[in-house]
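Colleague: Below are the structure tokens for one structure; questions will follow.
The values are calculated or read from the model by the stated rules, or taken from the named source; none is laboratory data. Being a predicted model, the structure only gives us computed values, none of them experimental. A quick note on method: Cβ atoms are made from the backbone with ideal geometry, for glycine too, and the neighbour counts reach across all protein chains shown.
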Amino acid sequence: MKPRTLLKSLIVGMMLAVAFAGPGEAAKKKTYKEISVTDGGSIKGKVTFEGAVPADAVERILITKNPDVCGTGEREVVWIDVKDGALRGTFVFIDKIKKGKKWEKPLGGEYLIDQKGCRFRPWAQVMRPGPIIIRNSDKGVLHNINAREMIGVEKGRVVKKGIFNFGQPEPGDIKDK
């Protein structure tokens, strides 16, 4: 696997990893009705992984810029994370739900993507459309976060546009509404 620059990999990683399971484009065609739910169901389980983990499950990216902030050498990006037979970092999407409980706000009231140490945290998250804070904590490092809705990509849906794309040359927060 050829080493890529850290910035390019972070941009590609965010494009692929930020999972937007909220209504997004689908909301234009379908609506979800929030109702009062008592004794609602829940889903609990483990997504398992059998067989050998592919050789490209962990990508090594050569750090070529901003070593004072980003470090030196190589950084590992784990695309397929398996521990004790469990595939970690998975999201379960339940299709065709027309009504159900209210989707509560995240802890702290808003979604947050923090860019610190030349890494995006969290790497992936489920969000509904609405306010998000994008934080750049790395002085002197340009971060460019480009998020896309990835629902249906595995079925061949083409991603036509991004949800947001922000360049942040200086530390601070951007709040997207």
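Colleague: Here is a check on your reading of the model: is Gly140 of a type outside the set (Val, Ile, Thr), loosely packed, with under 15 Cβ neighbours inside 10 Å and free of Cβ contacts under 8 Å to residues at least 60 places away in the same chain?
Modeller: No.
Colleague: Name the residues in segment 79-102 that are surrounded by 12 or more Cβ atoms within 10 Å (Cβ to Cβ) and at pLDDT 90 or above, would you?
Modeller: Residues satisfying the conditions are Ile80, Asp81, Val82, Ala86, Leu87, Arg88, Gly100.
Colleague: While we're looking at this one, here's another question. Within segment 54-73, which residues are in contact with an Asp or Glu (Cβ under 9 Å, 6 or more places away or on another chain), in a loop (DSSP other than H, G, I, E, B) and more than 19 Å from Lys116 (Cα to Cα)?
Modeller: Result: no residue meets the conditions.
Colleague: What are the residues in segment 121-145 that are touching a strand residue (DSSP E or B) at 6+ places or on another chain (Cβ under 7 Å), under 27 Å from Lys102 (Cβ atoms) and of a type in the set (Gly, Ala, Ser), if any?
Modeller: Answer for segment 121-145, where residues must be touching a strand residue (DSSP E or B) at 6+ places or on another chain (Cβ under 7 Å), under 27 Å from Lys102 (Cβ atoms) and of a type in the set (Gly, Ala, Ser): just Ala124.
Colleague: Then there is this: Give the residue, chosen from Asp56, Asp114, Asp68, that is surrounded by 15 or more Cβ atoms within 10 Å (Cβ to Cβ) and charged (D, E, K, R).
Modeller: Answer to the selection: Asp114.
Colleague: Looking at Arg148, Arg157 in this structure, which one is under 30 Å from Lys96 (Cα atoms) and surrounded by 15 or more Cβ atoms within 10 Å (Cβ to Cβ)?
Modeller: On the way: Arg157 fails: surrounded by 15 or more Cβ atoms within 10 Å (Cβ to Cβ).
So the residue among Arg148, Arg157 that is under 30 Å from Lys96 (Cα atoms) and surrounded by 15 or more Cβ atoms within 10 Å (Cβ to Cβ) is Arg148.
Colleague: Something else: So which residues in segment 60-78 are among the charged types (D, E, K, R), at pLDDT below 90 and in contact with a Leu (Cβ under 7 Å, 6 or more places away or on another chain)?
Modeller: Result: Lys65, Arg75.
Colleague: Same structure again: Condition first: outside any loop (DSSP other than H, G, I, E, B) and closer than 30 Å to Ala52 by Cα. Now tell me which residues in segment 84-104 satisfy that.
Modeller: Passing the criteria: Ala86, Leu87, Arg88.
Colleague: While we're looking at this one, here's another question. Scanning for something within 15 Å of the chain's Cα centre (by Cα) and of a type in the set (A, V, I, L, M), does segment 101-108 turn up at least one residue?
Modeller: Looking for residues that are within 15 Å of the chain's Cα centre (by Cα) and of a type in the set (A, V, I, L, M), one finds none in segment 101-108, hence no.
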